[in-house]
Amino acid sequence: MNGSDSCRHVRPLARKTHTWSRLRGAGKWIGWLAFVGTAQAASVPPDWYTRTVPLRVVQPVADQSSAYSAVVDASGGELEALDDAGNSYLLTVPPGALPGPTRITVTPLTRVGGLPFKAGLGVGARLEPHGLSFLRPATLAITPAKPLNLQTLMPWRIEGERQHLDVIVARANPTQITFVLNHFSDYGTSSASETERSIELARPALEAQEQLGRDMAKVLGQERQNQLLGIDDAETGMSSAALEELTALLKAYETQVLEPLKAVANENCALAHLYLQERVGLIKQMQTLGRGDEALDVLHDVLGEGLSDAVGRQCLKEQFELCLMSGGDVAGLVQWAIGWERSRQLVGADDAPRSLLDGGELAAALKDYVQRCGRYELEMVSTLDYEGVRPDASGAISLGSTELKRQISVQARLPLVTQASSAVGVSLPTGQGPLSYAKYEEAGSTSMVTIGVTGSCTSSAFGTRAGNMQVKLDLLFKDKQVQPPQKIQGLSEQVQKILGRLPRIGLLSVAREVDLEHSTLTIQPGEPTEISLVKCVSTGGSSSEKQEAQTWLTEWSQRLRPAGDEQAGWTLEPLQPAPGVLGRLTQHDDGSRTPQKDGKKVWDLRIDVKHTPHR
């Protein structure tokens, strides 16, 4: 984590969950929805959503010292960052938006070079990982230190890869502006003059669906203005003219974008994914504009059914192959499947309501793939050589020597398995099994003098009792640092133009790999115990008894950092890459750092994590 915990935090969504109805219930839409102008004519140009759009390239600079990072899982959560000026940036991820743990970073922006607004940057933040998409929309609420001027406010987004600036729709009041997020980019505001506003609103959007949203916003804005002026009596719904214009826009988008994608989706699952992404995005556009019921009826009529189940099964299999190559990114696998199912439900191809993984055409195959890809093996080997005084003799009255040597070696090999769960998407890989002793040797001697009795004792190894070790593996994934742009061969010029107008997220973004730096192991070793036999001879006679000790466990506890809940175990990080394994953690101490009074301790620990999928 970066930043101070006192002013930045992540918390579960216990009491506050943003819903669409609440987002529509307060504040004012700023951006294209507030710009009431002449809507597109019923006859939409044939290349309106596929024509080449010049890039508006800008140079955003983030304040890394004010960044805040945390892991958010399927239960959702909130992250808040503060900048030096006192502006607050609150990211809310609702439950079910992410299928598994994902490391998220919120970083305030300090400036943006090349902005087309003389006033420059107002407030803004970078959300990472770039291109991260959600199964349910997230929100970014910016609360500025100074009140917002709604008359000049201009919200915008900067696409990370192409660094392109687009003005967008956001909801604002004088104290806060809220962005609804389909995917991560840079989001912010500027103060714009009338001239600057007119120029930017006249520029076409880079993303085709953003352009569609602008076109529909104009129709709805004009419709609302007509109602307020008494021109239109349709107070409870949309007028026939508005419905006709929306239908024309949606049919144009279907013809220019969706139909060409659907035609090649059977041949390429990356394009099938984009096709689904665009369909779901249309639903979100309707929800964002606040006219869901009427507009969705139009959308259902225009789109009809989606891709066939056979395409879904084949694409899910390809996602499984990507999961194998990534080191077990089952969250990405689940996210694809849920997106597929949800898109069918949203556009009316499947009326049955479903939880994340219960029921559904692909549920059985998905659960099988998750369990096959999300399999790991943990191997742990540790040794401790101890030479010093007997720990249990330190409080005795002793006038002679007290010596002890113990050589201990423990080992464990456990399978760790990921489970698919309808409640949370996927569980973390977990496993339990014996932490056994491979070696236990002891040689101890004590000469003692107590009141009226003299004698000596010897100790030797008698046996051991294994610990019941429990392990949880929390793997995070990140985009690969070096990744050539993915190109799809053999596509028509029309489809290539469409791809140029789509967001660079999903299967066309960079491949993912394990983020070892931020991945952790949590281990509860149980109660491994050494049993020694102590024999004593004294002037009072002889005796023998068994004594139990936890020498290795005590050393483990002193050397490793416990988790927040000590009953959960100890958290181990960071893992390091090593030949033949996914990640490795090692510790070695030759005894030179051990205080002399504690005796000499030579400690070694090696933990290997391997990805062992069932292909």
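The values are calculated or read from the model by the stated rules, or taken from the named source; none is laboratory data. Since the structure is predicted, the reported quantities are computational estimates derived from the model, not experimental observations. Methodologically, a virtual Cβ is constructed for each residue, glycine included, from the backbone with ideal geometry; neighbour enumeration extends over all protein chains shown. Heads up: the accessible areas ignore ligands, DNA and RNA and are worked out on the full protein's heavy atoms, side chains in. Shrake-Rupley method; radii C 1.70, N 1.55, O 1.52, S 1.80 Å.
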Could you please tell me which pairs satisfy a Cβ distance under 7 Å, a separation of 6+ or placement on different chains, a first residue in the stretch 180-197 that is under 18 Å from TYR89 (Cα atoms), and a second residue that is open to solvent by 40 Å² or more (accessible area, probe 1.4 Å) and at pLDDT below 90?
PHE184/HIS130; SER185/HIS130
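Quick one: in the stretch 275-302, of everything that is open to solvent by less than 10 Å² (accessible area, probe 1.4 Å) and more than 23 Å from PHE179 (Cα to Cα), which residue is modelled with the lowest pLDDT? I'd like the intermediate steps shown before the answer.
Here is the first cut: in the stretch 275-302, the residues open to solvent by less than 10 Å² (accessible area, probe 1.4 Å) are 275, 278-279, 281-283, 286, 289, 295, 299.
Within this subset, residues satisfying the condition of being more than 23 Å from PHE179 (Cα to Cα) are 275, 299.
Details: TYR275: 81, LEU299: 59.
Within the stretch 275-302, the match that is modelled with the lowest pLDDT is LEU299.
So which residues in the stretch 523-576 are assigned to a strand (DSSP E or B), open to solvent by 20 Å² or more (accessible area, probe 1.4 Å) and touching a helix residue (DSSP H, G or I) at 6+ places or on another chain (Cβ under 9 Å), if there are any at all? Can you show your working first?
Step one: of the stretch 523-576, the residues assigned to a strand (DSSP E or B) are 523-524, 529-538, 541-549, 562, 570-572, 576.
Narrowing further to those that are open to solvent by 20 Å² or more (accessible area, probe 1.4 Å): 524, 531, 533, 535-538, 541-549, 562, 570-571, 576.
GLN524, GLN547, ALA549, PRO562, TRP570, GLN576 - these are the residues of the stretch 523-576 that are assigned to a strand (DSSP E or B), open to solvent by 20 Å² or more (accessible area, probe 1.4 Å) and touching a helix residue (DSSP H, G or I) at 6+ places or on another chain (Cβ under 9 Å).
Conditions tested, residue by residue: (1) open to solvent by 40 Å² or more (accessible area, probe 1.4 Å); (2) more than 53 Å from the chain's Cα centre (by Cα); (3) within 24 Å of ARG606 (Cα to Cα); (4) in contact (Cβ under 8 Å) with a residue 40 or more places away in the chain.
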site: GLN432; (1), (2), (3), (4): yes, no, yes, no
site: LEU435; (1), (2), (3), (4): no, no, yes, yes
site: GLU442; (1), (2), (3), (4): no, no, yes, yes
site: SER445; (1), (2), (3), (4): yes, yes, no, yes
site: SER456; (1), (2), (3), (4): yes, yes, no, yes
site: PHE462; (1), (2), (3), (4): yes, no, no, yes
site: ARG465; (1), (2), (3), (4): yes, no, yes, yes
site: ASN468; (1), (2), (3), (4): yes, no, yes, yes
Restricting to the stretch 384-415, give me the number of residues that are open to solvent by less than 40 Å² (accessible area, probe 1.4 Å) and modelled with pLDDT of 95 or more.
6
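Does LEU499 count as open to solvent by less than 50 Å² (accessible area, probe 1.4 Å) and either modelled with pLDDT of 90 or more or part of a loop (DSSP other than H, G, I, E, B) (or both)? Please lay out each step first, then the result.
Numbers: open to solvent by less than 50 Å² (accessible area, probe 1.4 Å): yes; either modelled with pLDDT of 90 or more or part of a loop (DSSP other than H, G, I, E, B) (or both): no.
No.
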Among LEU229, LEU220, LEU243, LEU249, which is the only one that is open to solvent by less than 10 Å² (accessible area, probe 1.4 Å) and modelled with pLDDT under 80?
LEU220
With the structure loaded, tell me whether PHE117 is of a type outside the set (S, T, N, Q) and assigned to a strand (DSSP E or B) or whether it fails that test.
no
Considering only the stretch 85-98, I want to know if a residue exists there that is out of contact with any Leu (no Cβ under 7 Å at 6 or more places or on another chain), under 23 Å from LEU206 (Cβ atoms) and either β-branched (Val, Ile, Thr) or modelled with pLDDT under 85 (or both).
no
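Considering SER88, SER69, SER75, which residue is small (Gly, Ala, Ser), closer than 30 Å to VAL426 by Cβ and open to solvent by 10 Å² or more (accessible area, probe 1.4 Å)?
Details: SER88 fails: closer than 30 Å to VAL426 by Cβ; SER69 fails: open to solvent by 10 Å² or more (accessible area, probe 1.4 Å).
Going through SER88, SER69, SER75 in turn, just one is small (Gly, Ala, Ser), closer than 30 Å to VAL426 by Cβ and open to solvent by 10 Å² or more (accessible area, probe 1.4 Å): SER75.
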Condition set more than 27 Å from the chain's Cα centre (by Cα) and touching a residue at least 24 places away in the same chain (Cβ under 8 Å), scope the stretch 132-166, selection surrounded by the most Cβ atoms within 10 Å (Cβ to Cβ): answer is MET154
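Need a quick list: strands (runs of 3 or more DSSP E) entirely within the stretch 50-98 having at least 2 residues that are of a type in the set (Asp, Glu). Outline the logic, then answer.
Values: elements: 59-62, 68-72, 77-82, 88-93.
Fully inside the stretch 50-98 and qualifying: 77-82.
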Only one of THR178, THR105, THR110, THR189 that is in contact with an Asp or Glu (Cβ under 9 Å, 6 or more places away or on another chain), farther than 21 Å from LYS478 by Cα, in a strand (DSSP E or B) and not small (Gly, Ala, Ser):
THR110
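Might you let me know whether the stretch 106-128 holds any residue that is closer than 23 Å to GLN277 by Cα and surrounded by fewer than 19 Cβ atoms within 10 Å (Cβ to Cβ)?
To start, the set of residues in the stretch 106-128 that are closer than 23 Å to GLN277 by Cα comprises 126-128.
Subsequent filtering for residues that are surrounded by fewer than 19 Cβ atoms within 10 Å (Cβ to Cβ) retains none.
Within the stretch 106-128, none of the residues are closer than 23 Å to GLN277 by Cα and surrounded by fewer than 19 Cβ atoms within 10 Å (Cβ to Cβ).
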